[in-house]
């Protein structure tokens, strides 16, 4: 499950970086300074997403090696990681800290609602997959 969470977090962070920062130019990770500072913050954000992805792949390899890879738990972890990152991004980075907004010079409400509702739904779906995976597992397997 942790491998999936790292993979989901890394994948959605990379997608965010490439789509919203580089292709659409909607924002940088940190928009409260110069463009140069924004680009440096984007680079650090991209490095973080890459490290999370590498950590996820490492954990998958270790699980396969140990014969403990549960595909459903991996999927549930992935979806949970995506939802958790998106919800953290939408609530903490956008609203609490104000590091950046999804877009500028537009009405933010539709963007914020879509972003955060989708994030919450993904988080619930991921956690539901994880819970059902562990409920279906026998006690001896679940304790591994």
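Helix 71-88 versus the longest principal axis of the chain: what is the Cα-based angle in degrees, 0 to 90, to the nearest 10?
Approximately 20 degrees, to the nearest 10.
Fewest first, what order do 28, 46 take by the number of other Cβ atoms within 10 Å? Numbers along the way, then the final one.
Numbers: 28 25, 46 18.
Ranked by crowding around the Cβ, least crowded first: 46, 28.
Starting with the fewest neighbours, write out 63, 132 ranked by other beta-carbon atoms found within 10 Å of each beta-carbon.
Ordered by Cβ neighbours within 10 Å, fewest first: 132, 63.
Measuring from label point to label point, each 7 Å out along Cα→Cβ, what is the residue 104 to residue 69 span in nm?
Those two pseudo-labels are separated by 4.4 nm.
If you stretched the chain out fully between residue 131 and residue 88, how much longer would it get, using 0.36 nm times the residue separation minus the C-alpha to C-alpha distance? Walk me through the intermediate numbers first.
Working: separation 43, 0.36 × 43 = 15.48 nm, distance 2.14 nm.
So the extension gain works out to 13.3 nm.
I want to check the label-to-label distance for residue 26 and residue 54. Put each point 7 Å from Cα in the C-beta direction and report it in nm to one decimal.
Taking the two extended label points, one gets 2.9 nm.
Using 0.36 nm per residue of separation minus the Cα-Cα distance, give me the extension gain between residue 44 and residue 121 in nm, one decimal. Mind dumping the intermediate values first?
Values: separation 77, 0.36 × 77 = 27.72 nm, distance 2.79 nm.
Value of the extension gain: 24.9 nm.
What angle do you read, to the nearest 10 degrees and between 0 and 90, between the alpha-carbon axis of helix 108-136 and the longest principal axis of the chain?
Compared with the principal axis, the helix lies near 10 degrees.
Tell me what the chain gives for mean residue ellipticity at 222 nm when only DSSP H runs of n ≥ 4 count, each as -39,500 (n - 2.57), the sum divided by the residue total, rounded to 500 deg cm²/dmol.
On the way: 5 runs with 97 residues, N = 144.
Helix contribution divided over all residues of the chain: -23000 deg cm²/dmol.
Classify the range 36-91: rounded, prolate or oblate, from the alpha-carbon gyration tensor (a ≥ b ≥ c, eigenvalue square roots; a/c under 1.5 rounded; otherwise prolate if a/b is larger than b/c)?
Numbers: a/c = 6.05, a/b = 1.78, b/c = 3.39.
Verdict is oblate for the range 36-91.
Please give the length that would be gained between residue 113 and residue 95 if that part of the chain were fully extended, namely 0.36 nm times their separation in residues minus their C-alpha to C-alpha distance (nm, one decimal). Spell out each step's value before the answer.
Numbers: separation 18, 0.36 × 18 = 6.48 nm, distance 1.22 nm.
Full extension of this stretch gives 5.3 nm more.
Could you list 68, 95 so that the one with the fewest beta carbons within 10 Å of its beta carbon is first and the one with the most is last? Mind dumping the intermediate values first?
Details: 68 11, 95 14.
Exposure proxy ranking, most exposed first: 68, 95.
Mind running the shape call on the range 2-134? Use the C-alpha gyration tensor, a ≥ b ≥ c as the square roots of the eigenvalues: rounded below 1.5 for a/c, prolate if a/b tops b/c, oblate otherwise.
Details: a/c = 3.22, a/b = 1.63, b/c = 1.98.
Since a/c reaches 1.5 but b/c is at least a/b, the shape of the range 2-134 is classed as oblate.
Using Cα atoms only, what is the angle between the long axis of helix 35-65 and the major principal axis of the chain, expressed in degrees (0 to 90) to the nearest 10?
Between helix and principal axis, roughly 10 degrees.
No lab work stands behind these numbers, since they all come straight from the coordinates. For clarity, every value in this text was computed on a predicted model and none was experimentally measured. Virtual Cβ from ideal backbone geometry, glycine too; neighbours counted across all protein chains shown.
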